[in-house]
Amino acid sequence: MEITMLLETVSSVRTLVLTKAARQQIKATRRQITCAVSLASLVVGTFFSPISHAAAADGKAIFNGTCIACHGSKGEGNSKIGAPNIAGMEASYVQRQLAHFSSGLRGSAPNDSYGAQMRASVAVLKTDADRAAIASYIASLPQVKPSASYSGNLSKGSTQFNAVCSSCHGSRGQGNPGMGAPSLIGVEPQYLERQINAFRSGQRGANPDDKQGGLMKVGASMLPDAGSVRDVVAYIATLKP
């Protein structure tokens with residue numbers, strides 16, 4: 001009787017031990033399966049899930065891949081191809097203009113060859129994050145002194161600036177973020193002249209959805225001729241932070 005009970009006890013213990021071992025094996029197997037599934041998911045996700053370019057947005061990298069060919073490694077521009085000096089431009093202005101090029105608010109006029117080139121270039125910027133990153137990088141670049149000299153009647157330019165431009169861009173050209181009016185300090189004169197004339201001709205600011213452009217179109221129309229534009233730009237070029 002005692003032997004029988006002992007054998008039953010041994011059998012029960014063996015069953016318990018085996019059951020515990022089996023459970024441990026099951027747990028180990030589950031862990032292996034979980035790891036395998038996780039690894040497979042990671043691999044599949046890496047190769048087949050769309051990568052968010054915005055999540056990896058790097059302003060410098062995007063600039064080097066998109067802008068450097070025309071605007072130079074320091075944002076200094078290239079006057080031979082009409083690419084302006086953009087180093088140190090206000091980030092909010094750059095971001096807004098990139099968005100306008102992307103949407104067609106800017107660069108869609110039939111006679112705007114520079115705008116057409118920009119529209120083609122910014123087509124690779126798919127998200128607001130991309131545009132914000134590249135705008136921040138451009139704003140961080142040290143301003144580059146314009147290589148070409150620029151002249152005009154500073155006295156007349158000062159008068160015109162105070163009458164036409166200062167109400168939006170400030171008495172020192174410092175800009176007004178609340179109005180979306182960018183700082184004009186340090187902006188390349190040749191680029192500024194070309195843009196004011198573009199507003200005067202209707203090449204820019206004609207689209208009713210371009211609110212700031214519409215205001216600029218009205219302001220630019222108050223400058224009676226190309227000489228007045230040149231005088232204003234010459235005066236703006238003298239403004240300091």
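The values are calculated or read from the model by the stated rules, or taken from the named source; none is laboratory data. The structure displayed is predicted, hence computed values, not measured ones. Glycine gets a Cβ as well: all are built from the backbone with ideal geometry, and neighbour counts include every protein chain shown.
Just to be sure I understand, how many residues within region 103-123 are surrounded by 14 or more Cβ atoms within 10 Å (Cβ to Cβ) and either touching a helix residue (DSSP H, G or I) at 6+ places or on another chain (Cβ under 6 Å) or among the polar types (S, T, N, Q) (or both)?
Number satisfying all stated conditions: 9.
Taking the options His100, His169, name whichever one is in contact (Cβ under 8 Å) with a residue 24 or more places away in the chain and out of contact with any helix residue (DSSP H, G or I) (no Cβ under 7 Å at 6 or more places or on another chain).
His100
Condition first: in a loop (DSSP other than H, G, I, E, B) and crowded, with 21+ Cβ neighbours inside 10 Å. Now tell me which residues in region 193-205 satisfy that.
The answer is Gln203, Arg204, Gly205.
Taking the residues in region 80-135 that are of a type in the set (Ser, Thr, Tyr) and part of a helix (DSSP H, G or I) as candidates, determine which candidate is farthest from the chain's Cα centre (by Cα).
Only one residue tops the list, namely Ser113.
For Lys126, are the conditions met, namely being of a type outside the set (S, T, N, Q), more than 24 Å from Ser79 (Cβ to Cβ), in contact (Cβ under 8 Å) with a residue 60 or more places away in the chain and surrounded by fewer than 16 Cβ atoms within 10 Å (Cβ to Cβ)?
yes
How many residues are in a helix (DSSP H, G or I), closer than 16 Å to Gln190 by Cα and small (Gly, Ala, Ser) when one looks only at region 66-79?
1
Surrounded by fewer than 21 Cβ atoms within 10 Å (Cβ to Cβ) and of a type outside the set (Val, Ile, Thr): does that describe Asp231?
Against the criterion (surrounded by fewer than 21 Cβ atoms within 10 Å (Cβ to Cβ) and of a type outside the set (Val, Ile, Thr)), Asp231 does not qualify.
May I ask you to list the residues in region 171-192 that are surrounded by fewer than 21 Cβ atoms within 10 Å (Cβ to Cβ) and more than 17 Å from Pro84 (Cβ to Cβ)?
Result: Ser171, Arg172, Gln174, Gly175, Asn176, Pro177, Gly178, Met179, Gly180.
How many residues does region 68-109 contain that are under 21 Å from Ala129 (Cα atoms) and either assigned by TED's automatic domain parsing to the domain that holds Gly202 or basic (Lys, Arg) (or both)?
2
I'm checking my understanding of the structure. Among residues of region 137-170 that are among the polar types (S, T, N, Q) and within 17 Å of Ser73 (Cβ to Cβ), which one is surrounded by the most Cβ atoms within 10 Å (Cβ to Cβ)?
Residue satisfying both the conditions and the ranking: Gln143.
Restricting the search to region 143-188, which residues are outside any loop (DSSP other than H, G, I, E, B) and in contact with a Cys (Cβ under 8 Å, 6 or more places away or on another chain)?
Result: Asn176, Met179, Ala181.
Identify all residues within region 193-211 that are modelled with pLDDT under 95, within 18 Å of Cys168 (Cβ to Cβ) and either in the same structural domain as Ala87 (by TED's automatic domain parsing) or of a type outside the set (Lys, Arg) (or both); write none if there are none.
Hits for region 193-211 are Gly205, Asp210.
Filter region 206-226 down to the residues that are part of a helix (DSSP H, G or I) and without any contact (Cβ under 8 Å) to a residue 24 or more places away in the chain and list them by number.
Those that are part of a helix (DSSP H, G or I) and without any contact (Cβ under 8 Å) to a residue 24 or more places away in the chain: Gly214, Met216, Lys217, Val218, Ser221.
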